[in-house]
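The values are calculated or read from the model by the stated rules, or taken from the named source; none is laboratory data. Keep in mind the model is a prediction, meaning the values are calculated, not measured. Positions of Cβ are generated from backbone atoms using ideal geometry, with glycine treated the same way; all protein chains shown enter the neighbour counts.
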Amino acid sequence: MSLCVAAGLAAAVLSLIDPLPYLQDVLRGTTRPQRGTWCIWSVLGVTAFVSQWADGATWSLLMLGLQAAGVGLTFLLSISRGVGGLGPVDVVLMSMAAVGVAGWLATSEPLVGTVCVIVADLAAFALMLPKTWRDPSSETLSTFVLAAAAGCLGAVAVGGLRPALLLYPAYFALVNGVTATVIHLRRQALEPTAVAPADLEPATR
């Protein structure tokens, strides 16, 4: 088995697994997805899949297809269990995402289409980031860690220095890694400071 095939299969396995903790937490009510973010990601999942397919991707498509399915299911759950509406910032960022999707539809160049997808994806990330910063416990850390690993493996599955195919999985790994880092660091920052035993002892003269 070649490295590309092995990496593609491993990325597919991670892509199959990584939505499960998130979906479980959404059903439990501990994770509250941002509706606008997951709506954009649902559209982009399909867009990225078709764009990469048009440029000849093979094993790296496994990750994208499974990610698109997981994201779409999360969006459906977010309608009743998520947060976020149509405030001014949401409208601006969703409009930016729409422009990115329109740019992909208007071009026949896969690399340009992938760049448009990334622009739209960044808008979705910007929608989610304030909520994640304020309430990191409302997101599922393991999902973003696994997604970042799947992105790295997806990049390896491309099998060469092909920018049109490498750009999206590399970006996917980066943005999920950043999200995981924000969740982890903010959880640490917001944890109550432990009180040392000596601080609990009455003061002596």
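Summary of computed values
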| quantity | calculated |
| --- | --- |
| Number of the exception - residue 113 against (1) modelled with pLDDT under 90; (2) surrounded by fewer than 22 Cβ atoms within 10 Å (Cβ to Cβ); (3) within 30 Å of residue 10 (Cβ to Cβ) | (2) |
| Where residue 99 falls short, out of the listed (1) closer than 18 Å to residue 166 by Cα; (2) surrounded by fewer than 21 Cβ atoms within 10 Å (Cβ to Cβ) | (1) |
| Residue that is surrounded by the fewest Cβ atoms within 10 Å (Cβ to Cβ), among those in region 86-96 that are assigned to a helix (DSSP H, G or I) and out of contact with any helix residue (DSSP H, G or I) (no Cβ under 7 Å at 6 or more places or on another chain) | 88 |
| Residues of region 139-148 classified as β-branched (Val, Ile, Thr) and surrounded by fewer than 22 Cβ atoms within 10 Å (Cβ to Cβ), total | 1 |
| Any hit, region 120-138, residues being at pLDDT below 75, polar (S, T, N, Q) and surrounded by fewer than 23 Cβ atoms within 10 Å (Cβ to Cβ) | no |
| Tabulated pairs, region 91-107, first under 14 Å from residue 46 (Cα atoms) and at pLDDT below 80, second of a type outside the set (A, V, I, L, M, F, W, C) and in a helix (DSSP H, G or I), C-beta under 7 angstrom, 6+ apart or interchain | 101/47; 104/47; 104/51; 104/113 |
